[in-house]
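**Q** Let me begin by handing over the structure; questions about it come next.
The values are calculated or read from the model by the stated rules, or taken from the named source; none is laboratory data. Remember, predicted model here, so these are calculated numbers, not experimental data. Cβ placement follows ideal geometry from the backbone for every residue including glycine, while neighbour counts extend to all protein chains displayed.
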Amino acid sequence: MAAWRMSRSFLGSPLSVTEARRFVTTFLIGWPVVEAAELIVSELATNAIRHSATNRFGGRFHVMIHAQHDRVWLGVTDEGGSRSPRMLSPDEQQESGRGLLLVGALADSYGVRGDGNGRTVWAMLLVEPVATTPATPRAGSGASSA
């Protein structure tokens, strides 16, 4: 399978999170990591809207998918802000802020790059190879060699 990339920008609105999820599931349909990818992008897009300048009037976030035969890289770029994303520990008692904890649990690796002017939070999902060996008919299974 050839490597490919896809990206799209979204308005910095809570309604755009649903669109971002649909974007990811449309392009990853049939991939074994599609559900994890959908949850990850949902969390990262929500974080971009809640915790960055993306939430200002006219703000945008950008979703990127880079797929290879054995991995899918997802990134959400926001418009920056004064605080850098960080993972809360499971015992911290806050109503929000557990998005990166979920991303860390679902992804094989993740990280943040950028600064207060814009940053990308990314996650990598490894794809288990699918067995492509053709099935061999068993004796007595109705297959004939006529």
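**Q** Which residue pairs have Cβ atoms under 8 Å apart, sit 6 or more places apart or on different chains, and have a first residue in the stretch 20-43 that is farther than 17 Å from ARG8 by Cα and a second that is assigned to a loop (DSSP other than H, G, I, E, B)?
**A** TRP31/VAL127; PRO32/VAL127; PRO32/GLU128; PRO32/VAL130; VAL33/VAL127; VAL34/LEU28; ALA36/ALA107
**Q** Among the numbered criteria (1) surrounded by fewer than 18 Cβ atoms within 10 Å (Cβ to Cβ); (2) in contact with a strand residue (DSSP E or B) (Cβ under 7 Å, 6 or more places away or on another chain); (3) closer than 17 Å to ARG119 by Cα, which one does MET6 miss?
**A** Failed condition: (3).
**Q** Same structure, new question: Is one or more of the residues making up the stretch 23-31 at pLDDT 95 or above and either buried (at least 21 other Cβ atoms within 10 Å of the Cβ) or within 18 Å of GLY118 (Cα to Cα) (or both)?
**A** yes
**Q** How many residues are over 14 Å from ALA3 (Cβ atoms), in contact (Cβ under 8 Å) with a residue 40 or more places away in the chain and either of a type in the set (S, T, N, Q) or in contact with an Asp or Glu (Cβ under 8 Å, 6 or more places away or on another chain) (or both) when one looks only at the stretch 63-82? Don't jump to the end; show me each part of the working.
**A** At the first step, the residues of the stretch 63-82 found to be over 14 Å from ALA3 (Cβ atoms) are 63, 74-82.
In the following step, the residues that additionally are in contact (Cβ under 8 Å) with a residue 40 or more places away in the chain were identified as 63, 74-79.
Cutting the leftovers down to either of a type in the set (S, T, N, Q) or in contact with an Asp or Glu (Cβ under 8 Å, 6 or more places away or on another chain) (or both) gives us 77.
So the count comes out to 1.
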